[in-house]
Structure formats: structure tokens, C-alpha cells
Amino acid sequence: MTSLPQERRLVTEIPGPRSRELQARKTAAVAQGVGTTLPVYVTAAGGGVLVDVDGNSLIDLGSGIAVTTVGNSAPRVVEAVTEQVAAFTHTCFMVTPYDGYVRVAEELNRLTPGEFEKRSALFNSGAEAVENAVKIARAYTRKTAVVVFDHAYHGRTNLTMAMTAKNMPYKSGFGPFASDVYRAPLSYPYRDGLSGEEAAARAIEQVESQVGAANLAAIVIEPIQGEGGFIVPAPGFLAALAAWCRENDVVFVADEVQTGFARTGAMFAVDHENVVPDLVVSAKGIAGGLPLSAVTGRAEIMDAAHGGGLGGTYGGNPLACAAALAVIETIEADSLVDRAAKIGGQLTERLQALQSRDPRIGEVRGRGAMVAVELVKAGTTEPDADLTKKVAAAAHERGVVVLTCGTFGNVLRFLPPLSISDELLAEACDVLDEAFGVVA
Ligand code: PLZ
């Protein structure tokens, strides 16, 4: 366990004077396009807290956007990376390889759904892995079109900007975008009232009439949408899409960048519905904060890309691989899949109690330790982004790090590290209660 006291402790206003000083330097030195949710500058983190330069200790309900699932500086990760950094830091796997990369591939092949022969390839970021999943699907099918969904988020590189739905801040002014990317309607139960089967039929009909299976290489979907608003599709939606893909020689790609690696109370979110994708994209929680991402899937699809066609200087860097192996060991040894489900139960119960008293909470949703509330004008389903901003700010002021998301900017999301204690989580929920109370 971390040696940091597991407490919320505020010794200055948030952000404090040292953080404000650093933020002024940031403004002068860092491109303004790189935003900051909460400008407290961190010096240490672990368990369920972040400690800042002013000595404040904040409760972390964000995990650096679903990355530090096993906790910040988790002991096994620290040990493994320390050992690796002293041995060697880089050779480039494409030049002179090392076993850490192979072991991570073996572990991914074991952990991802599907009882068939698999292969993996490692990259640096979520976006890079998504791009590679598309490359691989195109090489395998010899087709080019890609279908993504309303509210989707897949990254900020050129191809993934085209795949991402939301204009501001992700796309505006950054085009032209990659071609042959098409958007289909999602299942969004709170807003469309459709069953999973109905929503899938609607999406498939649109894909067939506007794209055509004969041109379609891949459908790429987040099993639970992350940035788009923690939208959990109606049961059966994913399975119907996967079945249609199988019948039509289309590669079904699950973007599990945000949902994967124990986050949702399953190793991968598709496991909840027994959906087996052809390719799974992993990142974020895979390596405890070291940059690593992966594409894993059916051997015949993964091996379709010619030798030398996939790679990159840093992909599967030895430090990141050492971290990933330690993350996997931690998830299994500490039963973190179960822990995510328990955290989800505790959070959901508190948020539902709050919802029963506050008509501005339209819906409480999510799975495991990936939970959100969608905020609306009381008595309607009209999104309330302003309220969302204010509640988040009130939580921040009180020392709880929460994130917002959603196409309409009206979703408060909670992604605690699975190393958070029940007590700290309960205290964070008390603060959220208070935050809703003070924002009239
Ligand atoms: N796919 C499902 O959630 C990253 C983005 C934060 P990278 N989400 C956080 C921001 O504003 O940039 C994400 C995701 C899903 C792909 C990605 C992209 O992963 O590692 O940020 O490239």
C-alpha cells in the first residue's frame, strides 16, 4: 500500500498559491490548446489521493482519465519499472527485441475474450492503437470503409479525429479529416427509448443503405462510451452488431481504451454481454500510467498486415511492458475486477439516493467503477451543462477530483482508482451531496 495518508485535507484554497504560480508559468510556456481540468499541481499520488504542491490532499475520482486503475505508483508497478529502468530503457522491439513485449502479448491474448488463436501488437497511445486496428481490418478485408457511432470518442490524431463525433474541442478547425469514415446511430436508452435490438436494426439499416457491407472493413465501437457520456447501450445492441459483422465479413472492433482492464467490473466491458470482438483495443489502465496501448485479436486478422507494416519506435517500450505485467499481476492477485464491481455498487447506491432527492439528476448509469450522472433541467431531459460545470467546480473546491464528459457537456463521471478505500469513497460521496446542495 501507499505510504500517503488516505485523507482529504485542505490547507489552502483550491488551487493554492503555489499551484496558481505554476499555472501562470504554464500559461506562458505551454500551448493554450492543451487544457487543464483542475489546475492543482501534483507532487505525489497513491491509494485514493492526489497531493499537491501546496500540501493539499485531494480525493481522486478521475484516475487520470481511467488510467491509474491499480492506483498511482502501485507497489508492484514501481518495483517492476525500477528494475527495468536499471536494466535497459529502450532498444526498439523492431530492432533488437526483449521478452517483456512478448509476455504482454501473451497475457493480452489470454485475457481478452474469445477462445481462438490470437495475436497482439503494442503501441503508445489509445489513438495510435485505434488507427492500427483500422489498418489491420483494412489489410484483412481488403475493404476501406469504417463505421463509428454518434457520441463516439476514439482520439485526436487525424484518422481518429474523423472517427470522434464531437466537434468542439476535438475537431473544429483541424480538418480536413480522413475519408471513408461513416457515423451510425447509437443505442442511448435514456434518450432514444429503444431496445438493444431495435437500436441495432436502426444502425444496421443505415450502414447497409449508406455504406454497404461490401465496402465496409470495420465497425469500431466503445462498449460503453467514455468521453461521449458514459452511455451504456441497451442489452443486445453490441451482440446484434457483432453478429451482423460476422455474417458480412466486417471486422468488429471494440475500443476498450477507457472500459478495459477491470474498470467496469469485468476484465473487458464486452464480457458483461458475452460479446466476442474480432479485435480489442486496450490502453489507459493497461500500464498504470506508462504509455502503452495494444490491439489484440483473431490471429488470421492480426496477421493480415504484411511484415514491417505495423510498429513504431516506442511501441511496447520495455518500461511500459514491465508496468503492464505488474498491472495484470495486481489485478489478478488483488481481485480488482471484483473490487471494481463493489466500488460501482457503493457509488451507484449513493448517487441513486441523491437522484431520488434531486430531479436535476436525469440518470445514474455505468458499470463497475465507471459511473456517471447525466444532469438535466429538472422535470425535463434537456441537458444542463452549466449545472454540470458548477457541481464539478464545487467538488473541486472541496478537494474531490471529478471529471465531466458528454456530447452536451452535462455528464459528471466517476472513475476512482480501484485502490481507493471504502471510507474515502464514502467521504467523496458526502462531498458530492454537498456540491449538489450548494449549486442552486
Ligand atoms: N478511445 C474510448 O477514451 C481517450 C481523452 C482525453 P489516447 N480518452 C481520453 C482527451 O481529451 O484527449 C480515448 C478513449 C477511447 C481512444 C482514446 C484515445 O486514447 O491515449 O488519449 O490517445
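The values are calculated or read from the model by the stated rules, or taken from the named source; none is laboratory data. The structure presented is a predicted model; accordingly, all values stated were derived computationally and were not measured. Here the Cβ positions follow ideal geometry from the backbone for every residue, glycine too, while neighbour counts run over all protein chains shown. Note: areas computed on protein heavy atoms with side chains; ligands, DNA, RNA excluded. Shrake-Rupley method; radii C 1.70, N 1.55, O 1.52, S 1.80 Å.
Taken over the range 343-393, the criterion of being of a type in the set (S, T, Y), without any contact (Cβ under 8 Å) to a residue 60 or more places away in the chain and open to solvent by 70 Å² or more (accessible area, probe 1.4 Å) is satisfied by S356 alone.
Screening H306 against (1) in the same structural domain as Q225 (by TED's automatic domain parsing); (2) open to solvent by less than 50 Å² (accessible area, probe 1.4 Å); (3) over 19 Å from A80 (Cα atoms) leaves a single unmet condition, (2). A121 meets the conditions (1) away from the ligand (no atom under 16 Å from the Cβ); (2) part of a strand (DSSP E or B); (3) closer than 25 Å to C321 by Cβ in every case but one. The failed one is (1).
Do the conditions hold for E107, that is, is it under 26 Å from A333 (Cβ atoms), in contact with a helix residue (DSSP H, G or I) (Cβ under 7 Å, 6 or more places away or on another chain) and either within 16 Å of the ligand (Cβ to nearest atom) or assigned to a helix (DSSP H, G or I) (or both)? Before you say what the answer is, go through the steps one by one.
On the way: under 26 Å from A333 (Cβ atoms): yes; in contact with a helix residue (DSSP H, G or I) (Cβ under 7 Å, 6 or more places away or on another chain): yes; either within 16 Å of the ligand (Cβ to nearest atom) or assigned to a helix (DSSP H, G or I) (or both): yes.
Here the answer is yes, as E107 does meet what is asked.
Residues checked against (1) open to solvent by 20 Å² or more (accessible area, probe 1.4 Å); (2) away from the ligand (no atom under 16 Å from the Cβ); (3) touching a helix residue (DSSP H, G or I) at 6+ places or on another chain (Cβ under 8 Å):
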| residue | (1), (2), (3) |
| --- | --- |
| G114 | no, yes, no |
| E117 | yes, yes, yes |
| A133 | no, no, no |
| R142 | yes, yes, no |
| A145 | no, yes, yes |
| T157 | yes, no, yes |
| T160 | no, no, yes |
| K166 | yes, no, no |
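Listed by position, the strands (runs of 3 or more DSSP E) enclosed by the range 1-103 that each have at least 2 residues that are in the same structural domain as I343 (by TED's automatic domain parsing) and surrounded by fewer than 20 Cβ atoms within 10 Å (Cβ to Cβ) are 42-46.
Taking the options A234, A254, A262, A269, name whichever one is out of contact with any strand residue (DSSP E or B) (no Cβ under 8 Å at 6 or more places or on another chain), within 16 Å of the ligand (Cβ to nearest atom) and open to solvent by less than 20 Å² (accessible area, probe 1.4 Å).
Values: A234 fails: within 16 Å of the ligand (Cβ to nearest atom); A254 fails: out of contact with any strand residue (DSSP E or B) (no Cβ under 8 Å at 6 or more places or on another chain); A269 fails: out of contact with any strand residue (DSSP E or B) (no Cβ under 8 Å at 6 or more places or on another chain).
Criteria check complete, one pass: A262.
Count of the range 407-436 residues, restricted to those that are more than 30 Å from A333 (Cβ to Cβ) and in contact with a helix residue (DSSP H, G or I) (Cβ under 8 Å, 6 or more places away or on another chain), is 11. Taking the criterion of being in contact (Cβ under 8 Å) with a residue 60 or more places away in the chain and assigned to a loop (DSSP other than H, G, I, E, B), the only residue of the range 169-196 that qualifies is P169.
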